[in-house]
Structures are given as C-alpha cells and as structure tokens.
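Have a look at the structure below before the remarks.
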Amino acid sequence: AMAALRSLGSLLCLWALRLPALPVGTGAAARGLDVASYRERVRAMFYHAYEHYLESAFPYDELRPLTCDGQDTWGSFSLTLIDALDTLLILGNVSEFQRVVNVLQEGVDFDIDVNASVFETNIRVVGGLLSAHLLSKKAGVEVEVGWPCSGPLLRMAEEAARKLLPAFQTPTGMPYGTVNLLHGVNPGETPVTCTAGIGTFIVEFATLSHLTGDPVFEDVARKALKALWKNRSDIGLVGNHIDVITAKWVAQDAGIGAGVDSYFEYLVKGAILLQDKELMSMFLDYNKAIKNYTKFDDWYLWVQMYKGTVSMPVFQSLEAYWPGLQSLIGDVDNAMRTFLNYYTVWKQFGGLPEFYNIPQGYTVDKREGYPLRPELIESAMYLYRATRDPTLLELGRDAVESIEKISKVDCGFATIKDLRDHRLDNRMESFFLAETVKYLYLLFDPDNFIHNDGSVFDVVLTPYGECVLNAGGYVFNTEAHPIDPAALHCCRKRKEEQWEVEDLMREFYSLKKNKKYPLKRASDHGEGESAKDLEDASSEKGEEKRDSKKSSHSLLSCPSQSFNSKLAVLGQVFLDNT
C-alpha cells in the first residue's frame with residue numbers, strides 16, 4: 001500500500017521539506033547591506049547587457065561589447081536570446097518573454113550546416129527551450145491544448161536534441177563532442193571527449209523523454225552515465241578526457257573542475273529530478289573517493305586517477321559550483337568551509353581567476369582571466385537558502401561591485417582578460433545573462449517564485465489527467481535553466497502506466513469515500529478517456545471542476561512518501577542516514 005501511495009504521490013505532487021524560515025534581513029541589515037537596492041542594481045545590469053545585445057548583436061549568438069557588434073560562437077542560434085529567456089520571467093518581464101518566444105519560433109533553424117558542441121547545445125539551447133516551455137503558461141503565453149505535453153518550444157527543444165543523437169552512436173554509448181547539425185558526426189571527428197561532455201545530459205534528456213513520451217533521449221543519457229561509471233578507476237575516480245570508441249582514458253587527471261564538473265552535478269540533480277537512488281548512490285561513492293584523494297584543508301586538488309597522487313595543486317574557477325552541490329546533499333558545514341576558501345580568492349582579485357595556484361596563493365600564467373562566470377554566486381545562492389548566513393549576501397554585494405567597476409562598458413559587460421590589471425576581452429558569454437545575473441538576482445530576491453515552498457501551485461488538466469505545476473523545487477540545469485520536476489509526471493503516455501494509475505486512483509477513492517467510481521481503461525485511440533471519466537465521477541458529487549488557476553490541495557495530492565524521496569526547495573536533499 002505504501003508503494004502504491006508513493007507512486008501516486010510522485011504523479012500528483014511535489015512534496016517538500018524546508019528549513020525554518022528566517023527574516024530576510026537577519027544579519028544582513030546589521031552589516032548595512034541593502035538587499036532591495038542590490039536587487040535593483042542586478043536588474044539594471046541585466047538590461048544594460050540585454051538591450052545592447054538586441055541593439056548591436058542580435059541575431060548573432062553573442063555580443064562583442066568592446067566593438068558593439070555580434071558574433072556566432074556555438075552554432076548560430078541567437079544563443080544569448082535563448083539563454084536569457086527564463087531570466088526575463090524571473091525578473092518579472094512577461095511582455096518581453098512573450099515577444100522573444102515569438103521571435104525564436106520564427107527565426108531559429110536547427111537544420112543548418114554547422115559543427116556544434118553536443119554539450120553546449122544541450123545545456124544552453126535544449127535546456128533553455130525546455131525551461132521556457134515549462135514556464136510559458138506562468139508568463140502569460142497562450143499555450144496550446146495538451147500543454148505541457150506539447151507546444152512549439154518543446155518541439156524546438158526536441159528538434160535540437162534529435163540533432164545531437166547521432167553523436168551517441170558509438171560502441172560505448174559515450175557521445176562524440178561535436179556533431180554537424182545537418183550531416184551528423186563528421187568523418188574523422190576526434191573520439192576524445194571530456195567527462196562532462198559525456199555525463200551532462202540526464203536532466204534535459206530525461207525531461208524531454210517524459211514530456212514527449214519518446215524514451216530514446218533518457219536512454220542514451222543513462223547509457224553514457226553508466227559507461228563513465230563502469231570505467232572509473234579502482235580507487236573510484238574518473239579522469240578528464242576519454243576515447244569514446246575504446247573507453248581508454250586519454251587525460252587521467254581527476255578532480256571536480258573543468259572537464260569533469262557537471263558530470264557530478266548531473267548525478268545529484270538527475271537523482272533529485274527523477275527520484276533515482278542509483279544515480280545518488282553513484283555520486284555518494286564518487287564523493288567518498290573525492291574526499292579521500294583530492295581534498296586538502298577544504299580545497300580540492302587534481303590527482304592522478306589511478307594512484308591518487310597530486311598532479312595539479314590548483315583551484316579552478318569552475319570548481320566553485322561544488323559548495324552549492326554539497327548543499328544539495330545536506331553537507332552544509334563542509335560546503336561553507338570550502339565556499340569561504342573560494343571567497344578569499346574573490347576578495348584578493350575582485351573575481352575568480354580561471355586557475356589559482358593554492359600553495360603560491362596567486363594566479364597561474366595565462367589563466368588570469370575571469371569571463372564573468374557564475375559558479376561562486378551559484379553556490380552562494382544555494383547556501384543562503386539553506387543557512388541565511390549574511391556572509392553569502394556579502395559575496396553577492398562584492399560581485400555586483402566588482403563586475404560593475406571592472407567589466408561594465410558602453411555596450412554591455414566584457415570578459416576580464418586579466419584580473420591583475422583589469423584588461424578586458426571583446427566577449428560577453430551568453431551565460432552572463434543565463435546564470436551570473438540570474439543567480440545574483442535570486443540571491444537578493446527571497447520572494448521570487450523560484451523559491452516557492454509549495455504553499456501555492458497551479459493545477460492544469462492534461463490529456464492524461466490533472467497535473468500540479470509551479471509548486472517549487474525547481475532543478476537548475478548546469479546553465480541555470482530551471483526545470484519543474486512535477487512536470488515530468490504530467491505526460492504519461494504508456495498505457496500500462498495509465499492503467500496502473502487508474503487502479504491506484506480507484507483504490508484511493510475507495511479508501512477516502514467508501515465508493516468505487518467506474519474508471520474505463522483508455523482505448524488505443526482515446527488516451528484521455530480515463531481522465532474525463534474521473535472528472536465526470538467527481539462532478540456527480542457536486543464538486544467544482546478545477547482549472548489551471550491556483551487551487552487548494554486536491555483529494556489525491558501529497559500522499560505519504562518515503563523520507564529520502566522528499567525534496568527540499570531550500571537547497572538540500574535529506575538522506576536516511578543524516
């Protein structure tokens with residue numbers, strides 16, 4: 001019976017644990033930090049960059065802020081526009097969100113002769129379109145019948161993802177790093193791919209499979225994850241680059257940073273999104289090996305994957321996501337200690353250099369730049385939700401001050417080429433609007449809908465029954481595109497699953513009302529029939545038919561779930577042994 005309730009609950013609600021809410025200004029006000037003022041400064045930063053992209057760079061991928069023009073970088077998708085779309089809604093700009101949705105539908109074409117990064121296209125384009133699709137109704141877009149199981153942005157995301165599938169056709173199931181969007185994998189394409197480029201698909205591809213009913217996306221993502229797991233070393237570590245044909249490690253440096261980072265991130269986030277114990281178990285095993293071999297005084301070094309000997313005693317700016325990831329598994333104390341180490345580097349330079357030599361306490365030659373990366377701000381946002389420690393707001397303050405002082409130019413914000421002398425580079429990466437500004441804004445906006453604790457939600461009627469959305473617990477992909485985990489349970493298309501749910505509904509109604517409602521199994525041509533029958537049965541009792549507006553909990557919502565499947569919208573997953 002408990003298993004049945006858990007299954008039903010996963011279809012009908014997102015159940016959240018949360019830490020006790022603290023007053024927003026606790027500690028921060030005492031240190032003189034005006035949260036509202038910094039939130040508005042972040043908003044102004046976004047529009048300074050966004051408007052100059054539209055004026056000077058669109059339809060190119062990215063803005064070149066020093067010359068006030070644009071360039072294509074990752075495939076000619078108007079990438080900054082896709083990456084910035086959900087940020088517009090988080091800032092509350094529904095009218096511009098609606099306009100951009102129309103622009104993208106009319107102007108973006110994936111049937112082009114372009115060599116594209118499989119990894120970057122997935123996290124930026126597929127992830128950005130999926131997030132925007134799931135947020136469309138909230139943004140006031142007139143969605144089509146069947147949403148969220150259908151819609152133009154979902155079709156665009158699926159089209160883009162299908163262009164990436166040929167890369168996964170390897171003996172190991174691990175994908176090539178580059179694919180031609182028109183012709184597939186080029187003859188002679190290098191088989192060497194970084195670990196992150198193999199293990200960073202489960203969030204987007206599983207979401208696609210659940211919304212479209214096509215299992216191929218989740219299947220290839222899982223196969224790639226398991227191939228990496230199978231090829232870990234005897235001491236439990238993975239290297240940096242691997243040959244996807246032979247499964248031989250080409251670069252054997254093990255760490256948590258560049259080339260590996262989002263593989264670990266997606267094991268955790270995939271486990272949360274899919275309530276998948278196997279993925280979490282993989283991560284926890286890796287986490288033990290990482291602590292055993294790479295962690296020194298709350299820093300993480302690079303080691304040889306087979307021997308565990310130190311190969312590079314450096315901190316990379318990309319590693320700053322790690323404290324946020326630690327918070328997601330409830331390891332907040334260790335996360336804060338590591339975060340404070342990274343924060344000292346920020347305060348030394350006014351940003352995080354790409355490489356920082358830990359023993360020497362200084363930058364590494366030719367790695368002195370800061371391209372306005374989001375990772376340390378991302379960790380601050382997660383940790384602030386978990387702890388309300390005002391030190392985390394101070395990082396946000398320092399980030400705003402540094403970025404405005406050093407990188408702001410007439411046409412946007414420029415990459416910092418060298419943090420030592422503040423020379424600039426003529427590029428503004430799309431992740432500045434997708435991630436950096438978004439995480440800053442969310443750090444300073446405790447009442448944003450993204451931080452919803454589940455007290456309000458929307459109920460929509462799909463062809464497969466009622467569906468709870470916008471209850472919180474959003475899972476950010478590695479480009480900071482939020483995915484609503486409840487949406488993955490809205491579009492069940494396999495009939496055996498539908499019949500099982502109908503049986504559970506019948507049993508549940510019998511328990512609650514002592515009455516069995518006649519539920520017919522859907523015919524081959526009428527998959528929505530059972531939902532209609534249930535609705536008709538409810539109307540016999542005089543119940544008011546619900547629409548997609550905010551609603552009180554339905555009779556079928558939020559049954560008991562196992563403890564370790566409950567999600568925390570404040571940045572933690574509580575495991576049984578904590």
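Numbers for the structure displayed
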item: Count of region 356-392 residues which are open to solvent by 30 Å² or more (accessible area, probe 1.4 Å), outside any helix (DSSP H, G or I) and touching a helix residue (DSSP H, G or I) at 6+ places or on another chain (Cβ under 8 Å); result: 2
item: Strands (runs of 3 or more DSSP E) within region 223-338 that include 3 or more residues out of contact with any Asp or Glu (no Cβ under 7 Å at 6 or more places or on another chain); result: 241-243
item: Single residue of region 217-243 satisfying the filter (of a type in the set (Gly, Ala, Ser) and under 27 Å from the mean Cα position of the chain (by Cα)) that is surrounded by the fewest Cβ atoms within 10 Å (Cβ to Cβ); result: Gly236
item: Hey, Met174 part of a helix (DSSP H, G or I) and either aliphatic (A, V, I, L, M) or open to solvent by less than 40 Å² (accessible area, probe 1.4 Å) (or both) or not; result: no
item: Output for region 157-171, where each listed residue is closer than 22 Å to His481 by Cβ and open to solvent by 20 Å² or more (accessible area, probe 1.4 Å); result: Glu158, Glu159, Arg162, Lys163, Leu165
item: Criterion (more than 21 Å from the chain's Cα centre (by Cα), open to solvent by 10 Å² or more (accessible area, probe 1.4 Å) and aromatic (Phe, Trp, Tyr)) met by exactly one of Tyr53, Tyr47; result: Tyr47
item: Residue check, Val145 open to solvent by 30 Å² or more (accessible area, probe 1.4 Å), of a type in the set (A, V, I, L, M, F, W, C), at pLDDT below 95 and under 27 Å from Thr462 (Cβ atoms); result: yes
item: Among residues of region 434-493, those that are among the basic types (Lys, Arg) and surrounded by 24 or more Cβ atoms within 10 Å (Cβ to Cβ), counted; result: 1
item: Qualifying residue in region 330-349 (condition: closer than 23 Å to Leu424 by Cα, of a type in the set (Val, Ile, Thr) and either modelled with pLDDT under 95 or open to solvent by 10 Å² or more (accessible area, probe 1.4 Å) (or both)); result: yes
item: Exclusive hit being among the charged types (D, E, K, R), under 26 Å from Val260 (Cα atoms) and at pLDDT 95 or above, set Glu96, Glu120; result: Glu120
item: Among the candidates Thr190, Thr246, residue that is in contact with a Gly (Cβ under 9 Å, 6 or more places away or on another chain) and either modelled with pLDDT under 95 or surrounded by fewer than 16 Cβ atoms within 10 Å (Cβ to Cβ) (or both); result: Thr190
item: Failed criterion for Arg423 (all others in (1) touching a residue at least 40 places away in the same chain (Cβ under 8 Å); (2) surrounded by fewer than 19 Cβ atoms within 10 Å (Cβ to Cβ) hold); result: (1)
item: Yes/no for Val126 being within 30 Å of Glu466 (Cβ to Cβ), at pLDDT 95 or above and part of a loop (DSSP other than H, G, I, E, B); result: no
item: Residue, farthest from Arg64 (Cα to Cα), within region 80-117, restricted to residues that are surrounded by fewer than 24 Cβ atoms within 10 Å (Cβ to Cβ) and in contact with a Pro (Cβ under 7 Å, 6 or more places away or on another chain); result: Gln105
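One line per residue, one yes/no per condition, for (1) within 15 Å of Ser327 (Cα to Cα); (2) in contact with a helix residue (DSSP H, G or I) (Cβ under 7 Å, 6 or more places away or on another chain); (3) open to solvent by 30 Å² or more (accessible area, probe 1.4 Å):
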| site | (1), (2), (3) |
| --- | --- |
| Gly255 | no, no, no |
| Phe264 | yes, yes, no |
| Val268 | yes, yes, no |
| Met282 | no, yes, no |
| Tyr286 | no, yes, no |
| Ile290 | no, no, no |
| Asp298 | yes, yes, yes |
| Leu301 | no, no, no |
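The values are calculated or read from the model by the stated rules, or taken from the named source; none is laboratory data. Nothing here was measured: the structure is a model prediction, and the numbers come from that model. Virtual Cβ from ideal backbone geometry, glycine too; neighbours counted across all protein chains shown. Side chains included, ligands, DNA and RNA excluded: accessible areas come from the protein's heavy atoms. Shrake-Rupley method; radii C 1.70, N 1.55, O 1.52, S 1.80 Å.
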